[in-house]
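Taking it in order: structure first as structure tokens, then the write-up.
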Amino acid sequence: MSEKDLGTEAGRRPRVLLAVCGGIAAYKACEVLRGLQKAGCEVRVTMTADAEKFVGAATFEALSGAPVATSLYGHPGSAIPHIDLAEWADAAVVVPATANVMAKMACGIADDCLTTTLLACWGCCPVLVGPGMNVHMWQNPATQANVAALRERGVRFAGPDSGRLACGDVGEGKLAPVDQIVAAALALLAPHDLAGLRVLVNAGPTHEAIDPVRYIANRSTGKMGFALAEAAARRGAEVTLVSGPCALATPAGVSRVDVESAAQMHDAMVAAFEDADAAICSAAVADYTPAAPADHKLKKSAEHLDAIALVETADILADLCARKGERVVVGFAAETNDLLAHASEKLARKGADLIVANDVSRPESTFGADTNRVALVSAGGVEQLETLPLADVADAILDRLAALC
Ligand code: CTP
């Protein structure tokens with residue numbers, strides 16, 4: 001192999017070594033490989049003899065476009081594949097990690113190509129483990145001790161999840177969802193330029209109760225805020241996400257606080273801001289809430305549903321700005337007209353460091369879209385960005401936030 005030479009190339013794709021073990025979830029490793037490739041990674045594969053009983057090496061060879069390392073001997077292009085692969089990789093991902101392979105990793109046993117390569121990864125690249133096994137095997141104290149030892153040495157874990165297992169048992173041991181494993185792998189690869197920063201994000205709509213059945217809400221889905229939380233965690237920040245009612249999965253490594261109303265979101269944000277270095281208020285917080293929500297379902301004909309008295313909610317962004325000191329606070333301005341004028345007015349009125357202005361009347365930047373077209377408005381001026389995927393918008397916002405911190 002001439003991979004070591006490639007390591008000096010600027011702008012090359014991130015390289016992931018996928019270590020596939022012999023578990024029923026081995027087929028999911030194919031999806032992990034695809035997910036990594038979609039995210040722009042180059043993937044090489046090593047697998048155990050047991051893994052080959054579940055999925056053939058030919059499958060991984062075809063998907064990765066490279067020979068699969070199944071033996072220390074006779075590997076095409078390399079006399080020492082375990083060292084070449086470990087030095088080639090920017091990260092290694094073990095999927096599905098069996099109890100046996102984790103035990104070998106914990107003890108430093110290297111008795112096949114996969115475990116020898118993982119042993120050689122020490123000092124070369126970070127390792128992510130995605131366990132997949134029966135609940136009793138996972139809960140066995142021996143396995144748990146191995147997990148603790150590996151964590152202690154910096155090995156990262158994605159999952160396992162709880163649920164129905166291949167054997168029919170229900171419990172912990174299920175391989176984590178593919179997208180979660182891919183996200184955790186990408187987090188290992190990303191530059192950790194926000195490491196040490198505690199970032200607070202809010203997202204989604206709020207629900208303001210009229211009675212136990214009805215509420216006032218808005219069209220926010222929370223996608224932008226979740227993308228911000230995900231990107232900040234990927235870049236090494238410690239992230240707290242205060243979420244209104246959203247049907248979105250919690251990004252890997254993010255600690256989530258669920259709230260419903262503007263008042264609950266206000267209290268959660270103010271409390272979490274005490275331990276934060278920066279806050280991003282992307283939530284579409286209700287501006288008004290029913291003054292006196294009913295404790296029973298209102299009857300439409302008799303109980304004045306046509307005249308609900310409303311009171312203004314507390315402005316979370318303004319409150320955080322009032323207590324921010326040297327800390328950085330970023331707000332959003334969702335507008336349908338006079339975007340930049342409204343955004344500049346909000347920057348001054350609320351006292352934020354940066355306002356992310358988006359025109360929600362455009363299809364590419366409206367609620368629920370997977371793209372956004374924003375202008376970044378600060379005391380330094382206005383920067384208009386192109387229409388970008390939400391993850392890229394999030395990174396651009398975090399770049400400005402990092403510069404301000
Ligand atoms: N915001 C907030 N608390 C509120 C209302 C808004 O923290 N009660 C924040 C939003 O999270 C966003 C910013 O303020 O970061 C601007 O929100 P937006 O709805 O665009 O503006 P409003 O202040 O509500 O003003 P208007 O409705 O007149 O546009």
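The values are calculated or read from the model by the stated rules, or taken from the named source; none is laboratory data. These figures come from a predicted structure and were not determined experimentally. Quick reminder, even Gly has a Cβ in these numbers, built from the backbone with ideal geometry, and neighbours come from all protein chains shown. Keep in mind that these areas ignore ligands, DNA and RNA; they rest on the heavy atoms of the full protein, side chains included. Shrake-Rupley method; radii C 1.70, N 1.55, O 1.52, S 1.80 Å.
Things worth noting here:
- Scaling the Cα radius of gyration of the stretch 15-189 by the globular reference 2.2 N^0.38 Å produces a ratio of 0.93.
- Between the alpha-carbon centres of the stretch 103-173 and the stretch 229-262 there is a gap of 26 Å.
- Rounded tilt (10° steps) of 178-189 against the dominant C-alpha axis of the chain: 80 degrees
- Accessible surface for the stretch 15-189, divided over its residues, is 41 Å² per residue with a 1.4 Å probe.
- Averaging Cα coordinates gives a centre for the stretch 32-90 and one for the stretch 350-378; these two points are 42 Å apart.
- Protein accessible area in the stretch 198-404, 1.4 Å probe - carbon and sulfur %: 50 percent
- Compactness of the stretch 198-404 - radius of gyration and Dmax, Cα, Å: 17.1, 57
- A 1.4 Å probe over all protein chains sorts C125, C107 by accessible area into C107, C125, starting with the largest.
- Cross-link partners of K300 among aspartates and glutamates (Cα-Cα below 15 Å; sequence separation of 8 or more within a chain): D211
- Residues whose amide H falls under 5 Å from that of Y288, counting only those 5 or more places apart or on a different chain, are T313, with hydrogens built in the peptide plane.
- Based on DSSP H segments of at least four residues, each scored -39500 (n - 2.57), the chain has a per-residue ellipticity at 222 nm of -10000 deg cm²/dmol.
- Proximal lysines relative to K324, as straight alpha-carbon distance under 27 Å, when same-chain residues fewer than 8 apart are discounted: K223, K346, K350
- Mean shadow area of the stretch 288-405, taken as a quarter of the surface of its Cα convex hull (nm²): 10.0 nm²
- For the chain, the longest principal axis of the C-alpha atoms and the axis of helix 390-404 are separated by about 80°.
- Hits among lysines - C-alpha to C-alpha of K174 under 23 Å, sequence gap 8 or more where chains match: K28, K53, K104
- Expressed to the nearest 5 percent, the antiparallel share of DSSP beta bridges inside the chain is 35 percent.
- Farthest toward positive dipole pole in the stretch 198-404 [+1 Lys/Arg, -1 Asp/Glu at C-beta], among A263, F226, V311: F226
- Scanning residues 5 or more positions from L72 or on other chains, those with amide H under 5 Å from its amide H are C113, with H placed 1.01 Å from N in the peptide plane.
- Using θ = phi - 60° in the Karplus curve 6.51 cos²θ - 1.76 cosθ + 1.60, the 3J(HN,Hα) couplings for the stretch 324-330 round to 7, x, 7, 6, 9, 10, 10 Hz; x is entered for Gly and Pro.
- Surface share of carbon and sulfur [accessible, 1.4 angstrom probe, percent] for the stretch 15-189: 54 percent
- Taken about its Cα centre, the stretch 15-189 carries a charge dipole of about 240 debye when Lys and Arg each add +1 at the Cβ and Asp and Glu each add -1 at the Cβ.
- P(r) weight above 20 Å for the stretch 191-275, C-alpha pairs, percent: 34 percent
- Once the Cα atoms are used to define both axes, helix 339-350 deviates from the longest principal axis of the chain by about 80 degrees.
- Where GluC sites (Glu not before Pro) in DSSP loops with at most 11 other Cβ within 10 Å are excluded, longest remaining stretch of the chain: 10-273
- Solvent-accessible area of L339 with every protein chain in place, 1.4 Å probe, in Å² to the nearest 10: 40 Å²
- In Å², nearest 10: area of L248 left accessible to a 1.4 Å probe: 50 Å²
- In plain terms, the bigger the Kirkwood radius, the slower the diffusion; for the chain, with that radius from Cα pairs, at 20 °C and 1.002 mPa s, Stokes-Einstein puts D at 91 µm²/s.
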